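Working notes for the structure below.
The values are calculated or read from the model by the stated rules, or taken from the named source; none is laboratory data. If you're wondering where the values come from, they're calculated on a predicted model, not measured in any experiment. As a convention, Cβ positions derive from the backbone with ideal geometry for all residues, glycine included, and neighbour counts pool all protein chains shown.
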Amino acid sequence: MRLALFQPDIPQNLGAAIRLAACLGVPLDVIEPCGFPLSDAAIRRAAMDYAAIAEVKRHASWTDFRGDVARPGRLLLFTTRAATPFHEFAFQPDDTLLFGRESAGAPDDVHAAADARLLIPIAPGARSLNLVTAATLALGEALRQINAFPTVQRTD
């Protein structure tokens, strides 16, 4: 299971996504260009004390990401332009959960490349969820389905 962000606009969301990925033991792909200056030092800064356990891979472009042979499995795009609710979808361990830009979602070529497009249903009249809130819901359901949450070491 992987999490991928397509050209994120908000640096605080990237920081929160790094923390989410680190805490759940899921690699994070960042597809550039971002809507803010991004460097390896900026990623370390955004990750704060999670940098040591976060697995973040930068991709210079959508083409670079698509050409990454180390990323097996299906590409699942979360989008408001989908018809399949994510909680009705059967996830697999090698899936990559892709989220578009906060300001514009994902362009048509990204939609076309997705193996599936998934929707997170929200209440009528609500516009959208925060990117990392949406990613948390999606990763939670996907990890639950494939029984891949990190193992808890009980101390009691």
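In the range 47-72, how many residues are farther than 15 Å from P27 by Cα, assigned to a helix (DSSP H, G or I) and not aromatic (F, W, Y)?
Residues meeting the conditions: 5.
Using the structure shown, decide if A70 is among the hydrophobic types (A, V, I, L, M, F, W, C), without any contact (Cβ under 8 Å) to a residue 60 or more places away in the chain, buried (at least 21 other Cβ atoms within 10 Å of the Cβ) and over 23 Å from L118 (Cα atoms).
So A70 fails the test.
In the range 9-22, what count of residues is obtained for those that are surrounded by fewer than 24 Cβ atoms within 10 Å (Cβ to Cβ), farther than 15 Å from G35 by Cα, free of Cβ contacts under 8 Å to residues at least 40 places away in the same chain and not charged (D, E, K, R)?
Looking only at that region, the number is 1.
Is it true that R74 is charged (D, E, K, R) and modelled with pLDDT under 95?
Considered against the rule, which asks whether it is charged (D, E, K, R) and modelled with pLDDT under 95, R74 comes out as no.
Of all residues in the range 6-46, how many are of a type in the set (S, T, N, Q) and in a loop (DSSP other than H, G, I, E, B)?
Of the residues in that region, 2 qualify.
Which is among the aliphatic types (A, V, I, L, M), within 14 Å of the chain's Cα centre (by Cα), farther than 27 Å from A41 by Cβ and assigned to a strand (DSSP E or B), of L137, L97, L76?
One residue alone meets the criteria, L76.
Of the residues L137, L119, L143, which single one is in contact with a strand residue (DSSP E or B) (Cβ under 6 Å, 6 or more places away or on another chain) and of a type outside the set (D, E, K, R)?
So the residue among L137, L119, L143 that is in contact with a strand residue (DSSP E or B) (Cβ under 6 Å, 6 or more places away or on another chain) and of a type outside the set (D, E, K, R) is L119.
What's the number of the condition E55 fails, among (1) surrounded by fewer than 17 Cβ atoms within 10 Å (Cβ to Cβ); (2) modelled with pLDDT of 95 or more; (3) within 14 Å of the chain's Cα centre (by Cα)?
Result: E55 fails condition (2) only.
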